[in-house]
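Please read the structure below before turning to the comments.
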Amino acid sequence: MPTPSSSSPSPAAERPWWYAAVIYQVYARSFADGRPAPAGDGIGDLPGITARLPHLRDLGVDALWITPFYRSPQHDHGYDVADYTDVDPLFGTLEDADRLIARAHEFDLRVIVDIVPNHTSEEHAWFVEALAAAPGSPERARYLFREGRGEKGEEPPNNWQSVFGGPAWTRVTEPDGTPGQWYLHLFDSSQPDLDWRNPEVGDMFEGVLRFWLDRGVDGFRIDVAHGLFKEESLRDQERPEPGADGAGEDGAAVSTTGDSMVERVLRDEPMWEQPEVHEVYRRWRRVLEEYPGDRMAVAEAWTQTPESMAEFIRPDELHQAFNFAWLTTPWSASAFAEVIEHSIAAVSASASAPTWVLSNHDVVRHPTRYGGGAQGLARARAATLTMLALPGSAYLYQGEELGLEQVDVAPEHRQDPSWFRTGEPGRDGCRVPLPWGGEVPPFEFGGPESAGQPWIPQPAEWAGLTVAAQEADPDSTLAFYRRTLSARREHLAGADDATTARADGDVLTVERAGLRVVLNAGGEAVALPEGEVVIASGPLTDDGLLPPDTAAWVR
Ligand code: GLC
């Protein structure tokens, strides 16, 4: 049964820029290496982004989100920040950041920067001071230092696991050389978690927000926004034994009904989604509203349900939250219909609109998730075309406009901290530097003149996938993305949000603003409804039917 969404909370003409924006994620290390001669340390940087802004203008996006470029020892490629108000020399200078922001604004592109409030780097001045200070000192009170369990404190204070594998606690050696307290790190041991119950922490981050707002950024992407506060007791997490009733492979609870969206068994997570975190975002909202120009913030919040995600975008909190439900939906018309309806319904009480995302720097690229090869790419294009007709805003990840697949990075080139902690391949395969032109690696990553090899080797097969190669081919994925974004502006700019989504067997039909989006998730070609085909994700059959793994907009 189609379920109409509630219609737009505000008339299109009054909507802020971000409401229905298409935002392009730039992974700073891997977008473009633009430093002047001697060029090519093989690591992307701010001048490289500035030099390549015309690519984003020509693509037709509204904004870019740039992953962290602040001072950092780069153990988690910038998500371990040593100084929030300076640029790492690897990426350039503060003046380079100013030039990037100014140039982007000249192209009418907004700039969103990343903020990492859950943890600092171990090289942040605060953590260095904490290690040098005594247990119980004000320096240690900015982080979560605790005594260990066991007779000699040799066991971690609780049973929490790091997201990157292994225990979430590391024991320090006290200044006098004895084994000492433990500190919490939900990610790598080089990323100590801050104690947000300490008011100094909130004050520091307000200063960081103002620093970048004063430099002209249009918004923030908030890293691990569902973190920050931990249950004050730091009690053990309840984890069923792996394989026990109701437990998944990792011991996490799973839905018993199979309907993961609607009814699920919630995991016990004393480290995430604590109610106190919402006060932080109320404060940030007040700061953002002091500045002109609809400055915004988007949460990276891996919440357990769409409803708990919606709490982050209550009218006095953040403007948007990433909707990872779309990213994790399997290839199925009914699953797509369900996630569209449920996502729209979950945000309808807020002043916001849904967001949609298929790829980012932490997940396997979607053509590969959809099976890879020609079929994976066809499905990826069909999912993208469908996503870009939905109400709200969409986030694209660099390289998806080229149809890039996940790369199987050789072990000696892997750098993801989770690889070092677990021995699993990790996330490097979606972070391989972009191919811009030329026939062989480095594919002009450092500009046309540079032969410097990038920090992860690019596959030789990317020769046909460079920006230059695809610009010359009207059937390329790049040409398809440009056409789709242009069709979105033409047919959906300012459109009402009211949307219906339904599955008839393997065929998904989404209706919005007089447009019918049909996606064929089955194995046979199907007839399209009457009307003009505005755009399709791949060729139709000679009889005008919609082939499997293809989507079209019909008006
Ligand atoms: C977020 C980032 C990820 C990073 C982690 C720790 O999930 O997207 O790349 O490793 O936070 O900061």
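Pull out all pairs, ordered by first then second residue, where Cβ-Cβ is under 8 Å, the residues are six or more apart or on different chains, the first lies in region 75-94 and is farther than 12 Å from residue 187 by Cβ, and the second is in a strand (DSSP E or B) and near the ligand (Cβ under 10 Å from one of its atoms).
78/114
Quickly run through region 497-555 and pick out the residues that are closer than 17 Å to residue 381 by Cα and among the small types (Gly, Ala, Ser).
Once the filter is applied, which keeps residues that are closer than 17 Å to residue 381 by Cα and among the small types (Gly, Ala, Ser), region 497-555 yields 521, 522, 523, 525, 536, 537, 538, 551, 552.
Modelled with pLDDT of 95 or more, assigned to a loop (DSSP other than H, G, I, E, B) and buried (at least 16 other Cβ atoms within 10 Å of the Cβ), is that true of residue 271?
Criteria met by residue 271.
Does region 422-449 hold any residues that are under 12 Å from residue 29 (Cα atoms) and free of Cβ contacts under 8 Å to residues at least 40 places away in the same chain, and which are they?
Hit for region 422-449 is 428, nothing else.
Residues that are open to solvent by less than 10 Å² (accessible area, probe 1.4 Å), under 28 Å from residue 285 (Cα atoms) and among the acidic types (Asp, Glu): does region 316-330 have at least one?
Yes, because at least one residue in region 316-330 is open to solvent by less than 10 Å² (accessible area, probe 1.4 Å), under 28 Å from residue 285 (Cα atoms) and among the acidic types (Asp, Glu).
Please specify each residue of region 134-155 satisfying the condition of being under 11 Å from residue 181 (Cβ atoms) and either under 32 Å from the mean Cα position of the chain (by Cα) or assigned to a strand (DSSP E or B) (or both).
140, 143, 144, 145, 146
Between a first residue in region 109-135 that is under 19 Å from residue 203 (Cα atoms) and a second residue that is of a type in the set (D, E, K, R) and away from the ligand (no atom under 14 Å from the Cβ), which pairs have beta carbons less than 8 Å apart while being 6 or more apart in sequence or on different chains?
124/83; 125/83; 126/139; 126/142; 129/139; 130/139; 130/140; 130/142
Quick check: anything in region 456-472 β-branched (Val, Ile, Thr) and within 21 Å of residue 335 (Cβ to Cβ)?
Step one: filter region 456-472 for residues β-branched (Val, Ile, Thr), giving 456, 466-467.
Filter again for within 21 Å of residue 335 (Cβ to Cβ), leaving none.
Checked region 456-472: no residue is β-branched (Val, Ile, Thr) and within 21 Å of residue 335 (Cβ to Cβ).
So, in region 153-173, of the ones that are within 16 Å of the ligand (Cβ to nearest atom) and aromatic (Phe, Trp, Tyr), which residue ends up farthest from residue 271 (Cα to Cα)?
Ranking the candidates gives 164 first.
Mind listing whichever residues of region 209-227 are within 21 Å of residue 361 (Cβ to Cβ) and either out of contact with any Leu (no Cβ under 8 Å at 6 or more places or on another chain) or crowded, with 24+ Cβ neighbours inside 10 Å (or both)?
Result: 212, 217, 218, 219, 220, 221, 222, 223, 225, 226, 227.
For residue 494, work out the one condition from (1) modelled with pLDDT under 95; (2) open to solvent by 60 Å² or more (accessible area, probe 1.4 Å) it doesn't fulfil.
The one condition residue 494 does not meet is (2).
Could you tell me whether residue 496 is closer than 30 Å to residue 552 by Cα, part of a loop (DSSP other than H, G, I, E, B) and touching a Lys or Arg at 6+ places or on another chain (Cβ under 9 Å)?
yes
Of a type in the set (D, E, K, R), away from the ligand (no atom under 16 Å from the Cβ) and part of a loop (DSSP other than H, G, I, E, B), is that true of residue 206?
no
Just checking, does region 341-354 include any residue being under 21 Å from residue 550 (Cβ atoms) and buried (at least 20 other Cβ atoms within 10 Å of the Cβ)? Break it down into steps so the answer makes sense when it comes.
If we filter region 341-354 for residues that are under 21 Å from residue 550 (Cβ atoms), which is where we start, we get none.
Checking region 341-354: not a single residue is under 21 Å from residue 550 (Cβ atoms) and buried (at least 20 other Cβ atoms within 10 Å of the Cβ).
Hey, which of the helices (runs of 4 or more DSSP H) in region 43-133, taking only ones fully inside, have at least 1 residues that are open to solvent by 10 Å² or more (accessible area, probe 1.4 Å), of a type in the set (A, V, I, L, M) and away from the ligand (no atom under 15 Å from the Cβ)?
So the answer is 46-51, 94-106, 125-132.
State the number of residues belonging to region 134-145 that are touching a Phe, Trp or Tyr at 6+ places or on another chain (Cβ under 7 Å) and open to solvent by less than 20 Å² (accessible area, probe 1.4 Å).
3
Quick one: which residue in 148, 153 is in contact with a strand residue (DSSP E or B) (Cβ under 9 Å, 6 or more places away or on another chain), crowded, with 17+ Cβ neighbours inside 10 Å and farther than 30 Å from residue 61 by Cα? Can you show your working first?
Details: 153 fails: crowded, with 17+ Cβ neighbours inside 10 Å.
Result of the check over 148, 153: 148.
Quick check on this structure: which one of 426, 447 is assigned to a loop (DSSP other than H, G, I, E, B), open to solvent by 30 Å² or more (accessible area, probe 1.4 Å) and at positive phi?
So the residue among 426, 447 that is assigned to a loop (DSSP other than H, G, I, E, B), open to solvent by 30 Å² or more (accessible area, probe 1.4 Å) and at positive phi is 426.
Have a look at 496, 542 and point out the one that is free of Cβ contacts under 8 Å to residues at least 12 places away in the same chain and of a type outside the set (A, V, I, L, M). Steps first, please.
Values: 496 fails: free of Cβ contacts under 8 Å to residues at least 12 places away in the same chain.
On inspection, the qualifying residue turns out to be 542.
Among (1) of a type outside the set (A, V, I, L, M); (2) buried (at least 22 other Cβ atoms within 10 Å of the Cβ); (3) more than 16 Å from the ligand (Cβ to nearest atom), where does residue 196 come up short?
Condition (3) is where residue 196 drops out.
Before we move on, is residue 216 within 26 Å of the chain's Cα centre (by Cα), away from the ligand (no atom under 16 Å from the Cβ) and on the phi > 0 side of the Ramachandran plot?
yes
So which of 289, 311 is farther than 27 Å from residue 500 by Cβ and open to solvent by 60 Å² or more (accessible area, probe 1.4 Å)?
Going through 289, 311 in turn, the sole match is 289.
Can you tell me which of 188, 176 is away from the ligand (no atom under 15 Å from the Cβ) and not hydrophobic (A, V, I, L, M, F, W, C)?
Details: 188 fails: away from the ligand (no atom under 15 Å from the Cβ).
When all the criteria are applied, what remains is 176.
Tell me, yes or no, whether region 164-176 has at least one residue that is within 27 Å of the chain's Cα centre (by Cα) and either free of Cβ contacts under 8 Å to residues at least 12 places away in the same chain or over 30 Å from residue 426 (Cβ atoms) (or both).
Yes, there is a match, as at least one residue in region 164-176 is within 27 Å of the chain's Cα centre (by Cα) and either free of Cβ contacts under 8 Å to residues at least 12 places away in the same chain or over 30 Å from residue 426 (Cβ atoms) (or both).
The values are calculated or read from the model by the stated rules, or taken from the named source; none is laboratory data. Note that the structure is a prediction, hence the values are computed from the model and not measured. Quick reminder, even Gly has a Cβ in these numbers, built from the backbone with ideal geometry, and neighbours come from all protein chains shown. Surface accessibility is based on the protein's heavy atoms, side chains included, excluding ligands, DNA and RNA. Shrake-Rupley method; radii C 1.70, N 1.55, O 1.52, S 1.80 Å.
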